[in-house]
Amino acid sequence: MIDNLKILCAPVQGISDCHWRNAQNEIFGGPDAYYGPFMRVEHGDIRKRDLADANPQNNTVPKFIPQILACKPSDALRMVTALKEMGHSAIDINLGCPFPPIALHHKGSGLLQYPEEVKTLFKTLRAVDDVTYSVKMRLGWDVATQWREIISLLDILKPSQVTVHPRTGRQQYKGELLLDEFEALLSACHYPIVYNGELKTIDDIIHIKNHYPSITAVMIGRGLAEDPAMLCPENATPDNYCELHNRLRDAYIEQLNGGEHQLLMKLKSLWQTFLPNAPRKSLKAIKKASSMAKYNIAVNELFYSLE
């Protein structure tokens with residue numbers, strides 16, 4: 001698409017699981033690599049659905065990189081060990097998750113305000129043989145200069161790349177992009193930098209590359225969740241959007257055991273991001289659907305309206 005620039009698919013919690021990744025790749029395409037939503041430890045164990053999602057047998061995309069949540073070293077080591085046993089040799093570390101239930105427990109972007117904890121985490125993970133790490137991070141948790149105490153710690157891991165979303169965790173996905181601090185980080189970091197944040201069109205990607213010619217890649221999450229054809233607009237047809245939806249629906253029918261209500265809630269969560277510019281009437285009908293029968297009617301009407 002753009003010479004010497006890789007396009008990476010960012011993880012989007014609740015959306016970009018292996019079913020979505022595989023379908024997006026096969027129907028629309030575009031990304032050079034796909035990153036999984038972060039794996040986490042709950043109640044002393046790795047979540048089973050996270051292990052299943054990271055299983056190479058469940059991922060048919062050209063390149064898949066699992067991600068772990070930056071957390072206490074013992075939990076992180078458990079996840080890395082499990083992923084290595086699966087055959088993964090490249091793992092991404094999430095230092096960017098902005099959601100308070102995560103961040104306020106010294107995890108994700110919340111860990112950026114504790115450099116000593118980051119140092120201990122990196123030293124623990126560096127001790128694992130035959131694993132290459134990358135890092136995805138914010139500028140800080142509540143102060144945009146907190147990265148300055150983290151940047152030297154990257155030498156412990158020697159990451160293959162550092163993906164930066166130029167906001168603080170407190171900002172979540174709102175507010176201005178703090179590009180002055182991003183530029184300072186770009187100058188200070190001697191590892192390849194990947195830009196992430198507010199990339200919704202191909203023109204956005206071109207603008208970022210022209211403005212920051214030294215970046216090696218861009219990572220796109222919500223832009224692809226909203227429009228899976230973003231990178232390949234020639235594939236933006238109602239039939240393709242419908243096929244993506246139907247493949248996900250069929251996968252979730254097979255995966256979920258909670259009955260119609262659980263399936264309905266899972267599918268509705270897809271529409272929190274998917275095709276936000278579709279007719280509002282159709283999107284509202286999907287949101288209000290109280291049964292799978294009503295949901296299917298609303299979805300079919302939406303795809304029909306796109307023709």
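Of note:
- A simple count of charges around TYR191, restricted to other residues whose Cβ falls under 11 Å of its Cβ and scoring Lys, Arg +1 and Asp, Glu -1, yields 0.
- The residues of the chain expose, per residue, 47 Å² of accessible area to a 1.4 Å probe.
- Most fluctuating residue given options HIS211, HIS19, HIS88, as computed from a GNM of the chain linking Cα atoms under 10 Å: HIS211
- SER134 long-range amide H proximity, modeled H, under 5 Å: ILE91, ASP92, ILE93, SER160
- Extending 7 Å from Cα along the Cβ direction at GLU149 and again at LEU179 yields two label points whose distance is 2.9 nm.
- Compared with the direct C-alpha span, the chain from ASN246 to SER187 gains 16.7 nm at full extension, assuming 0.36 nm per residue.
- Tilt relative to the chain, helix 73-86 - C-alpha long axis, 0 to 90 degrees, to 10: 60
- Couplings for the stretch 210-222, taken from phi via the Karplus curve 6.51 cos²θ - 1.76 cosθ + 1.60 with θ = phi - 60°, read 5, 7, 10, x, 7, 5, 9, 6, 10, 10, 10, x, 5 Hz in order; Gly and Pro are left as x.
- Choice from VAL128, VAL194, VAL41 showing the highest fluctuation, given a GNM over the chain with Cα pairs closer than 10 Å: VAL128
- Förster radius 51 Å - calculated FRET efficiency between ILE206 and ARG49, Cβ distance, rounded to 0.05: 0.90
- Across the chain, the longest piece that holds none of the trypsin sites (Lys or Arg not before Pro) lying in DSSP loops with up to 15 other C-beta atoms within 10 Å covers 64-173.
- For the stretch 174-214, GluC sites (Glu not before Pro) are listed when DSSP marks them as loop and at most 16 other Cβ atoms sit within 10 Å of their Cβ; the list is GLU176, GLU198.
- Farthest towards the positive end of the charge dipole of the stretch 83-126, among the residues LEU125, ALA103, ILE91, is the Cα of LEU125, using unit charges on the Cβ of Lys, Arg, Asp and Glu.
- Cross-link table LYS84/LYS287; LYS119/LYS268; LYS200/LYS268, entries beyond 29 Å C-alpha to C-alpha: LYS84/LYS287; LYS119/LYS268
The values are calculated or read from the model by the stated rules, or taken from the named source; none is laboratory data. What you are looking at is a predicted structure, and each value in this text was computed from that prediction instead of being measured. FYI the Cβ positions are ideal-geometry reconstructions off the backbone, even for glycines, and counts take in every protein chain you see. Keep in mind that these areas ignore ligands, DNA and RNA; they rest on the heavy atoms of the full protein, side chains included. Shrake-Rupley method; radii C 1.70, N 1.55, O 1.52, S 1.80 Å.
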